[in-house]
Amino acid sequence: MSRKSTPPTPPKRLPPPNPPKASQPRKSTSGKSASAARPESSARPGSSGLAGPARFAGLDGLRAIAVLTVVAFHLTPGALAGGYLGVDLFFVISGFLITALLLREREKTGRIRLFDFWRRRARRLLPALGILLLACCSAALLVGGNVLVGLGRQVLGAATFSSNWLSIAGEHSYFTESNPELFRNLWSLAVEEQFYLIWPLALLALLFVPKRSIRVGIVAVVAIGSAVAMALLHLPGGDATRVYYGTDTHSFGLAIGAVLALASQRWSTGPLSTPLGWSRWLRAAIPAVGLAAIGALLVLTVIMPADEPFAYRGGLALVSLLTAIAIAGAVLPGSLLGRGLDAQPLRWIGERSYGLYLWHWPVFVIVAASLPNLAPEGTGVWDPGAWAIGGIAFAITVVAAALSYRFVEQPIRRSGFRATFRSWFGGWWESFPRLAAGLVAVCLVAVAGTASVSAIVSDPGETDAQAIIEAGAAAIAPPPAPTTTSGNAPSAPAPTDLPGGDQIYAIGDSVMLASAPQLQLAFPGIAIDATVSRQLSAAPHIVQALKDSGALRPTLLLGLGTNGPIDAAALEQVRDIIGPRHQLILVSVQAPRGWTPGVNATLAVFAQQYRNVELANWRDAIAGNLRLLARDRIHPGDAGGKIYAGTVRDALQRLAELPPVLSANEYGLAPHPL
C-alpha cells in the first residue's frame, strides 16, 4: 500500500478538563469518591482537601516517638528521666503541620478560610476531650479524696484551653508531688490551642511581606525571643513551672516548626528535583541527618532530667531544633526515613497519639488512687508497685484511646458533628436495637454529666499531704536574730553533749515542713527554713547567705532530695561553706520515685567520707511504718514526724559519741581528717 502524499492533519487542541466542583468529589476508578477510597489514616488534621499529598510522610512515626516517651515518663517514674521532652516534639510537629497546611491552602485557593480551619480544629480536639472529661470526672467521684482537689479549676482550664495560665496564676506547680492533679497534662493542649487561635491571624499578616526569607527571619526571631525569655526567667534551683507552662516562654517549638514550614514550602507541592534548588547529594544526606537527630533526641530523653537548669537554658530549644531536623529528613519527598517512620506499629500509635496523650495521665492518677496497696515503695526504677500501676494504666489508656479514635474522633473528623450524630441516632424509631443503643447512650451521658458536676462540687479543698504541710508551716516559729554580727558562728557544744535546738539550723523541703512540729518539740529553738519543691541545688546559695549574715549555727540539718536527683558536688559545696568545725546532718529520702535510691546512696557515701557529717536514716526508719505517711507515701503526719525527729536525734548522738580529735602537738600524730 502506498503512503498518501497529503500532509497529516494536525490534532485538535482539546480544552482542559473542568476541575471537579467542590460539592462533587472526584471519582476513582472503582466508582467511589477519592476521599472514600483513601484510607482514613491518610487524612491529616486540618487537611484542606486540595491537590497535593494528603499527609506528610513520617509525622505519625514522630508522633509515636513523642507520645511513647511522655507515657513512659509518667507511668514508669524514674525509668525515663527526660521523657517529658516528648511534649516539645509535639509542639514542633504542630507548628510545622499547621503552617504547611495553611500555606498550601493559600497557594491553591489564594486565601485562607479561617473559620473552616478553626472548625476542623474543633472537630479534631473537642470530641475526645469531652469524653475524657466526663469519664474521668465520674471515675474521680467514685474514688474520692485527693483526685477531687482543684477539679473545678482543671475542668474550666480544659474547656477554655487555658489550663497553663490558670495553673500559673494559682501557683500550682507542674513538678510538685504532693498533689498529682487529674488533668495536669492538659497544659500542653492549652498552649497548642492558643497557637491555633492566634497563629493563622498572624500568618495572614506575615504573608503580606513579599520575601520568603524575611518572613522566615521574623518567625525565627519570635522563636529565639521565646527561648531567651525561658532562659532568663528560670532561676536555677527554683520551681520551673512559670517558664515551662507559659505560652510566651514555651512557644519556641511551635515557632521553629513554623519556620521549617515557611522555609520548605515547596517540599509538599514541588518536584523532588528542585526542593529549594539543593543538589542531589544534599537531598540524599538530609534523611541521614534526620535519623541522627532522632537518635540524639532519644539520648536526651534518657540523660536530661527536668530538674537540670540546662533544660530551660537551651536544652528544650535544642530538642526543638533536633525535632525540626528530623521532620525535614522525614517529609522530604522520597525520603527513606519518612517511609521507615510510617511503618507499623509506629503509624498506628501516631494516629492515636492525641488520645493516648489525653488519657494516660488521668487514668494513671485514678488507678494509683484506687489501688493504694500497690503504691510504690520508692525502691527504684524497678519498683514492682510502680510498674503494676503503670501497666494497668497503660492497658486502660490504649483501649480508651483506640475506642475513642474509632467510634468518636474519626467519624466526627470526616463528617462533622451533625452528620455523625444523625448517623448515630437517625432513624432510631425504625429499629429497636438502635433505639436501645440511643437510650443507653443518652443515659450514660446524663449520668456522667451529673457525676462530673458532683465531683467538682465535692472538692475537699486540699489533699491530706497539703493539710499536713500547711500545719507544719503554721507551726514554724521565725528563728531568732543572730547573736553575732561579725559572721562568726556561735561556739559548738561540748563533744559529749547533744546540741540544743538553738544550735541547729534546718534547711529542707516539704517533708521537713510536714515534720516541723515534731522537730520543734524535740529541739526547742531550732531554726527551720523549709519550702515545697525545694531541691538540693538551692542549698549552697541559702547556706552562703546564712554565713554572710552571721545566722549560720554550729549544726546544719539538710533535708533535701525528695524532688529529684542530687549531685554530690552540691554537698561538697555546702561543706566547704560551713567549714570543718560545723556539724552536717543529712536526712535520707522516702518517696515512691525512681531517683530516691540514687539520692540515698549519694547521701550515705558522702556521710561516710567525713567525720563531721552524719546520716539521719529517715528512709529505713519509716520503711516499716508507711501507714504513718499521707497517701502519697512521702509526707509524715504527727506520728511519722516523731520518727523523723528521732532519726535526727540518733544522728546527733552518733556525732557526739565520736572520740575527740587527737592533738598532733601532744601525741606527735597527724590530726584526724575532718
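Summary of packing: across the peptides 393-403, 188-198, the per-residue average of other C-beta atoms within 10 Å ranks them, highest first, as 188-198, 393-403. With each label modelled as a point 7 angstrom along the Cα→C-beta vector, the LEU298-SER458 pair spans 4.4 nm. The 1.4 Å probe gives accessible areas that order TRP359, TRP348, largest first, as TRP348, TRP359.
Roughly speaking, to the nearest percent, how much of the stretch 582-639's 1.4 Å accessible area is carbon and sulfur? On the stretch 582-639, the fraction of accessible area on carbon and sulfur atoms equals 48 percent.
Of the accessible area of the stretch 279-371, computed with a 1.4 Å probe over protein heavy atoms only, carbon and sulfur atoms account for 75 percent. One Cα centroid belongs to the stretch 235-259, the other to the stretch 172-213; the line between them spans 10 Å.
Once backbone amide H atoms are built at 1.01 Å from N, ALA506 has ALA527, ILE528, ASP529, LEU557 as its partners under 5 Å, excluding neighbours fewer than 5 places away on the same chain.
Per residue, the accessible area of the stretch 96-144 comes to 40 Å², computed with a 1.4 Å probe over protein heavy atoms only.
A full extension of the chain between VAL440 and ALA284 corresponds to an added length of 50.6 nm, given 0.36 nm per residue minus the alpha carbon distance.
Using a 1.4 Å probe on the protein chains only, how many percent of the accessible area of the stretch 496-545 belongs to carbon and sulfur? Of the solvent-accessible surface of the stretch 496-545, carbon and sulfur hold 54 percent. Taken per residue, the accessible surface of the stretch 538-582 reaches 37 Å², heavy atoms only and a 1.4 Å probe.
Taken as Cα centroids, the stretch 552-600 and the stretch 620-652 sit 17 Å apart, rounded to the nearest whole angstrom.
Would the stretch 203-245 count as rounded, prolate or oblate if I go by the C-alpha gyration tensor, calling it rounded below 1.5 in a/c and otherwise prolate when a/b exceeds b/c, oblate otherwise? Since a/c reaches 1.5 and a/b is larger than b/c, the shape of the stretch 203-245 is classed as prolate. Phi angles of the stretch 182-187 translate, via the Karplus equation with coefficients 6.51, -1.76, 1.60 and θ = phi - 60°, into HN-Hα couplings of 5, 10, 4, 6, 6, 4 Hz per residue; Gly and Pro are given as x. Which of rounded, prolate or oblate describes the stretch 309-348 when judged by the alpha-carbon gyration tensor and an a/c cut-off of 1.5? Note, shape of the stretch 309-348 comes out oblate. When each of the peptides 538-549, 145-156 is scored by the mean number of other C-beta atoms lying within 10 Å of its residues, the order from highest to lowest reads 145-156, 538-549.
Legend: calculated FRET efficiency, PHE421 to ARG106, from the Cβ-Cβ distance at R0 = 30 Å, rounded to 0.05, equals 0.40. The overall shape of the stretch 336-409 is oblate: from the C-alpha gyration tensor, with semi-axes ordered a ≥ b ≥ c, the ratio a/c is 1.5 or greater and a/b is no larger than b/c.
The values are calculated or read from the model by the stated rules, or taken from the named source; none is laboratory data. Model, not experiment: these values are computed from the prediction. Counting neighbours? That spans all protein chains shown, and the Cβs are built from the backbone with ideal geometry, glycine included. Calculation scope for accessible area: heavy atoms of the full protein, side chains included, ligands and nucleic acids excluded. Shrake-Rupley method; radii C 1.70, N 1.55, O 1.52, S 1.80 Å.
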